[in-house]
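The values are calculated or read from the model by the stated rules, or taken from the named source; none is laboratory data. Predicted, not measured: the structure shown is a model, and the values here were computed from it. Glycine also receives a Cβ, built like all others from the backbone with ideal geometry; neighbour counts cover every protein chain displayed.
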Amino acid sequence: MPFKLLETRGLMAFYGDFQALFGIDFQIEPGETIAVIGSNGAGKSTFLKSLVGLVRTKAETVSFDGQAIWGKPAYRIIAQGMSLVPEGRRLFPSLTVEENLSIGAYSRRKGPWNLDAVYTVFPVLKEKRILPGTALSGGQQQMVALGRALMANPKLLLCDEISLGLAPIVIREIYEQLERITANETTVILVEQDVKQAMAVADRVYCFREGRVVLEGRPSDLGREQITKAYFGV
Amino acid sequence: MNETIRVERSSRASRLFAVFGFLLVGLLVAAPFFGNRSVLYLLVEIFVYIALASLWNLLAGYTGLVSIGQQAFVGLGGYSLFALTIFTGMPPLLAVLVAGPIAALFAIPTGFVVFRFKGAYFAIGSWVVAEVYRLTFAQVSVLGGGSGTSLPVEIVQHIANSRLERDSVIYWTGLGIAVGVLTVIYLILRSRWGLALTAIRDSEAAAESVGVDNYRTKFLIYFLTAGATGCIGALISLQKLRISPDAAFSVNDWTAFVIFIVVIGGIGRMEGPLIGTILFFILREFFADLGSWYLMFLGLFAIVMMLIMPKGIAGWLAERFELQIFPLGRRIILPRDKHISFSQFGTSAISKKRSPTKITDD
Amino acid sequence: MDLPATLLDGVLLGGLYALFAAGLSLIFGVMRLVNIAHGDLILLSAFLALTVTTHFPIHPLLSLLLVVPLMAVLGYGLQRAVFNRTLGNDILPPLLVSFGLSVFLQNALLQIFRADSQRLHAGPLETWHIDLPFGMTMGALPCLMFIVAVLVIGGLQLLLFRTALGRALRAVSDDGQIAQLMGINNAHLYGVAMAISLAVVSVAGVFLGIRANFDPSIGPTRLIFAFEAIIIGGLGDLWGTLAGGVILGVAQTLGARINPGYQILAGHLVFLAILTVRPQGFFPRSR
């Protein structure tokens, strides 16, 4: 059995009394890129937040890198090597671009990513590094958010709708960088509204609907009709 | 099984308590006829705290305005009483009533200033203003300055002829004020206003979006509460026959104790101040001679309550036993086998009871 | 009235008020917590210093070596055991818990130390003067107090803007949820913030004790001074708090010159006037 970097069985998530996920079974192997697609409210973001420990969950198992992580606080899960690029960027307004990047390295994990490495991938950030994070354009902010997550030298990178609100040309640039980044063995789960973009970069795809997995497979194996049916539930 | 849906406002418990309440008030009205001086005095103190606590609860628990400065209006009421009786010869009991609107008038500029703050800063700001009043009145020598003054004998005798009559008259005034305050609060909370307040407390943004004018509503409640507090303050000073800035504007007596009563009794529920006051006076009976230990205990008690029972005793009773005395909720009776109850703070509990369907919100 | 001397007194007094305010400002910035017990904690520090100097023949300022770490540890414990449980969207719990703490502290101090006025004795430091031009003199102690205030605020700024810890504190104050995603343990960091706050409080307390007579009941008024300094200066900026403290100090000393009984009232009135006319304070940091 190939080693699963992350595996969940029967994952359920709750916001107060409201249940958002109803038993997700999910697995990813090292080096894989998996896209999670689905319409709004399907539970994709909730899934990522559940993995990283920001949402209240119940599960049979959640294991990461061979260790059970269910119930652990977020900061411990991050220290173990998971990193999330949150929906909407969520840069720290009081911090400069460089400070936003630096704080990504708070957990002091070892790895190839540091300020210089991030500036090499996103040179425009180096010019703007002393500006407050919020003074940048949407696309540049997304780069900062991505760079910030990478600074933690994660084993597993989670990206929540990094194309949201960005112009197509910017999205393409970001995804190009993402491919380059993930070429060196970073495992990635990306939540993406743009199905075409998702299918283009992913090794495997999960489709969520109303808090459940309704489809799973390789992009090449899934037909368009099959996906539409799963996505919309018609 | 009827298929129509009914909306009820009272439960069996609240109806029972209503009857009990009337009986109790009747008994209290008759108290001067068989109670002695110290009992009457104690009862007036209890009425005062029930009223002050209910008002503070209305302000903080329902409107979301946590004021540590209500003692400003207690003091203003007291000084208004003294000023009115001494300088205009107004009958003392009338002056107690007139002191209310006077305090309310002061609430206008006061509110204008403190409403510039939000949240915890509003709390401290209200305290600062109360301090300003205290320090200012300490400079007013015609009313005794820093050491205060006593109510002149002629005025004391103006209240009633004998000491017993005087005690009774003050007692009935106190009872009347307490009942009046509770009634008005109850009516406010039962009305459209009550809904507006709960909406504001739950989410100001959402409340504004459905047309509630937050600022005006809050200001109005602040204004009315100040007036009622002023009335109470006048009564307090009348009963003491004496006034001084430190006593009239005391944070400890008129705010700290009130806060403890409401926190322990249950904030955001009308039953809270009642339960809290009773508990407070029981504790006082046993522990007050311990001086600072008693206050240390109160402080700790409040901290622990806030941490483990934030809704106070009344809140716990309401959630555990669905017990409420004041019919402030709405119960929707459906002809189906489901029982859903919504607690006052929005958490819902779906229970699988098989009784005639009631959906309640309190 | 000797205006220049009064003004100088006021400015130097402002340093003490800025010290009162700095700790309060820090924790409000980091976790939106207004600690009603803040003033009583200042008094606690003064009484701690009193206890230390009573048992050991050392100078009160030297007692800081013991008092500062003690208060810092207390702050960390207090935050993690009590205040962390009150943080959230509701403003009531932290307010009411800190209020309860305030009453508890005041009465605990009253129980242990009685209501007598106390003083920390700083020896010759109390009478040293520094001669200034134009025939003015400046007390060494007020001058030292002011310098310490500037150093403390400067130190806090350095901490916040030049260190990794400060960066984490600012991140947590911006967005607690995302801060967790950086691997930050919010509960621990809040504890650290409170520890720093109480460390500053303890410095303020010792200077308070040296400068004037103190007793357990004066805590709440110190809280009010701290609060006024912060609001006058404008929320969010520590140097603004220093300016606010100075303005408050000057207002008070001017009032005191007219009539000693007017001192505190004058401060309150100036505070309210500024609040009415310029509610955002003089140097607010826009977020």
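Among the residues of the stretch C:134-164 satisfying the criterion of being among the aliphatic types (A, V, I, L, M) and facing chain A (nearest Cβ under 10 Å), which is nearest to A:Arg148 (Cα to Cα)? Can you show your working first?
Quick first cut of the stretch C:134-164, residues among the aliphatic types (A, V, I, L, M) only: C:136, C:138, C:140-141, C:144-145, C:147-153, C:156, C:158-160, C:164.
In the following step, the residues that additionally are facing chain A (nearest Cβ under 10 Å) were identified as C:160, C:164.
Numbers: C:Leu160: 20, C:Ala164: 15 Å.
The residue in question is C:Ala164.
Among the residues of the stretch B:67-82, are any within 20 Å of B:Asn214 (Cα to Cα), buried (at least 24 other Cβ atoms within 10 Å of the Cβ) and of a type outside the set (D, E, K, R)?
Within the stretch B:67-82, the first condition is being within 20 Å of B:Asn214 (Cα to Cα), and the residues that meet it are B:67.
Next cut, buried (at least 24 other Cβ atoms within 10 Å of the Cβ) only: B:67.
Applying the additional criterion that residues be of a type outside the set (D, E, K, R) yields B:67.
Scanning the stretch B:67-82 turns up at least one residue that is within 20 Å of B:Asn214 (Cα to Cα), buried (at least 24 other Cβ atoms within 10 Å of the Cβ) and of a type outside the set (D, E, K, R).
Taking (1) closer than 27 Å to B:Ile124 by Cα; (2) within 14 Å of chain B (Cβ to nearest Cβ) in turn, C:Ile112 satisfies each apart from (1).
Taking first residues from the stretch A:12-24 that are within 14 Å of chain B (Cβ to nearest Cβ) and partners that are among the basic types (Lys, Arg), the Cβ contacts under 8 Å between residues at least 6 apart in sequence or on separate chains come to A:Phe14/A:Arg56; A:Phe14/A:Lys58; A:Tyr15/A:Arg56. Evaluating C:Leu62 against the criteria (1) without any contact (Cβ under 8 Å) to a residue 40 or more places away in the chain; (2) surrounded by fewer than 18 Cβ atoms within 10 Å (Cβ to Cβ); (3) under 20 Å from B:Gly312 (Cα atoms) leaves one unmet condition, (3).
Counting only strands (runs of 3 or more DSSP E) that sit wholly inside the stretch A:49-157, those with at least 2 residues that are of a type in the set (Ser, Thr, Tyr) are A:61-64.
Here are some conditions: (1) in contact with a Gly (Cβ under 8 Å, 6 or more places away or on another chain); (2) within 22 Å of B:Ala104 (Cα to Cα); (3) not hydrophobic (A, V, I, L, M, F, W, C). B:Asn214 meets all but one. Which one does it not meet? Exception for B:Asn214: condition (1).
Residues checked against (1) under 15 Å from B:Glu45 (Cβ atoms); (2) modelled with pLDDT under 90; (3) in a helix (DSSP H, G or I):
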residue: B:Gln239; (1), (2), (3): yes, no, yes
residue: B:Ile259; (1), (2), (3): no, no, yes
residue: B:Val263; (1), (2), (3): no, no, yes
residue: B:Arg269; (1), (2), (3): no, yes, no
residue: B:Pro273; (1), (2), (3): yes, no, yes
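The single condition from (1) hydrophobic (A, V, I, L, M, F, W, C); (2) within 13 Å of chain B (Cβ to nearest Cβ); (3) surrounded by fewer than 24 Cβ atoms within 10 Å (Cβ to Cβ); (4) closer than 21 Å to C:Gly29 by Cα that C:Trp239 fails is (2).
Among the candidates C:Ser63, C:Ser25, single out the residue that is within 13 Å of chain B (Cβ to nearest Cβ) and either part of a helix (DSSP H, G or I) or closer than 20 Å to B:Ile259 by Cβ (or both). Steps first, answer last, please.
Working: C:Ser63 fails: within 13 Å of chain B (Cβ to nearest Cβ).
Answer to the check: C:Ser25.
Of everything listed in (1) within 30 Å of C:Asp131 (Cα to Cα); (2) modelled with pLDDT of 95 or more; (3) surrounded by fewer than 20 Cβ atoms within 10 Å (Cβ to Cβ), the single unmet condition for C:Val73 is (1). Residue under question is C:Asn35, and the condition is that it be within 14 Å of chain B (Cβ to nearest Cβ), within 27 Å of B:Ile124 (Cβ to Cβ) and part of a loop (DSSP other than H, G, I, E, B); does it hold? The answer is yes for C:Asn35. Within the stretch B:212-227, residues that are under 13 Å from B:Trp193 (Cα atoms) sit with their Cβ atoms under 6 Å from residues that are acidic (Asp, Glu), at 6+ positions apart or across chains, in these pairs: B:Asn214/B:Glu204; B:Asn214/B:Glu208.
Counting the residues of the stretch C:123-157 that are in contact with a Leu (Cβ under 6 Å, 6 or more places away or on another chain), among the β-branched types (Val, Ile, Thr) and outside any helix (DSSP H, G or I) gives 0. Selection of the stretch B:118-150 for residues being part of a loop (DSSP other than H, G, I, E, B) and either within 7 Å of chain C (Cβ to nearest Cβ) or surrounded by fewer than 18 Cβ atoms within 10 Å (Cβ to Cβ) (or both) yields B:Lys118, B:Gln139, B:Val140, B:Gly145, B:Gly146, B:Ser147. Within the stretch C:161-176, the residues that satisfy the criterion of being in contact with a helix residue (DSSP H, G or I) (Cβ under 6 Å, 6 or more places away or on another chain) and either surrounded by fewer than 20 Cβ atoms within 10 Å (Cβ to Cβ) or on the phi > 0 side of the Ramachandran plot (or both) are C:Gly166, C:Gly176.
Only one of the numbered conditions (1) farther than 28 Å from B:Ser250 by Cα; (2) within 25 Å of the chain's Cα centre (by Cα); (3) part of a helix (DSSP H, G or I) is not met by B:Ala205, and that is (2).
From B:Ala60, B:Ala103, which residue is more than 14 Å from chain C (Cβ to nearest Cβ), in contact (Cβ under 8 Å) with a residue 12 or more places away in the chain and small (Gly, Ala, Ser)?
Working: B:Ala60 fails: more than 14 Å from chain C (Cβ to nearest Cβ).
Selected residue: B:Ala103, the only one of B:Ala60, B:Ala103 that is more than 14 Å from chain C (Cβ to nearest Cβ), in contact (Cβ under 8 Å) with a residue 12 or more places away in the chain and small (Gly, Ala, Ser).
Considering the stretch C:67-82 alone, what residues qualify as being within 19 Å of the chain's Cα centre (by Cα) and either among the hydrophobic types (A, V, I, L, M, F, W, C) or at the interface with chain B (Cβ under 10 Å from one of its Cβ atoms) (or both)? Scanning the stretch C:67-82 gives C:Val67, C:Val68, C:Leu70, C:Met71, C:Ala72, C:Val73, C:Leu74, C:Leu78.
Okay, residues lined up against (1) at the interface with another protein chain (Cβ under 10 Å from one of its Cβ atoms); (2) touching a Pro at 6+ places or on another chain (Cβ under 8 Å):
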position	(1), (2)
C:Phe207	no, no
C:Arg211	no, yes
C:Pro216	yes, no
C:Ile258	no, no
C:Leu269	yes, no
C:Ile274	no, no
C:Val277	no, no
C:Pro284	no, no
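Scanning the stretch A:179-229 for residues that are of a type in the set (Ser, Thr, Tyr) and closer than 19 Å to A:Leu48 by Cα, we see that the one that is surrounded by the most Cβ atoms within 10 Å (Cβ to Cβ) is A:Tyr206.
Given B:Arg166, B:Arg192, which one is away from chain C (no Cβ under 14 Å), over 20 Å from B:Leu52 (Cβ atoms) and buried (at least 19 other Cβ atoms within 10 Å of the Cβ)?
Numbers: B:Arg192 fails: buried (at least 19 other Cβ atoms within 10 Å of the Cβ).
It is B:Arg166.
Within the stretch A:89-116, the set of residues being within 8 Å of chain C (Cβ to nearest Cβ) and small (Gly, Ala, Ser) comprises A:Ser94, A:Ser102, A:Gly104, A:Ser107.
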